[in-house]
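To start, the structure under review is shown below, and the notes come after it.
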Amino acid sequence: MFFILLVIIIIFGEWRLKSYFEAVYDFKKQKLICKDSIRLRKYHNSGAFLNIMEKKKKLLHAISIIFTTVIALFFLITLSQKGNRVLKFGLSLLLGGAFSNTYDRLTREYVVDYFSFCSPWEWLNRIVFNISDFCIIIGTLIITLNAS
């Protein structure tokens, strides 16, 4: 039950955060937080990570749906098995993040990103993230490390 709840919290929490940034922030508004190390701002990502495939939306939608469905099926199969809580945790993060971003792609035609880092590296400062991105990255790392 915990793992299903975690997926729901990620999906609902991201929906609320993205809706907030859509309603309150315009594209020029920025706010620095965490001792000026994180910049809050609104960005519409029409593609995948770093706008990859932004010109091939139908293909990106199909890939997102297939990926999210496969993860959901694997998650459900894994839930029915005893043990392996680490794998279940990683799958929960991955599924919650994937579902949230896929939902955005299908309903808004873009993914709402809303924060970036203030670092010495200009390339990193230009990338705008959302919580789902980190759920996907961390979930994938947990699953990979668990498999080895």
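Since every read-out is calculated from the coordinates, none of them should be taken as a lab result. Every value quoted in this text rests on a predicted model; they were computed, and no experiment measured them.
Summary of computed values
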quantity: Lysine pairs meeting the criterion (Cα under 19 Å, 8 or more apart or interchain), as found in the stretch 2-147; calculated: 7
quantity: Gain upon complete extension [Ser46, Ile65; 0.36 nm per residue less C-alpha separation]; calculated: 5.3 nm
quantity: With Cα atoms, 0 to 90° folded angle of helix 57-79 axis to the chain main axis; calculated: 40
quantity: Built amide H within the under 5 Å cut-off of Phe117, gap 5+; calculated: Arg39
quantity: Cα long-axis angle, helix 85-107 against the chain (0 to 90 degrees, to the nearest 10); calculated: 50
quantity: Mean Cα-pair separation over length for the stretch 2-147, i.e. relative contact order, pairs under 8 Å, 6 or more apart, %; calculated: 31
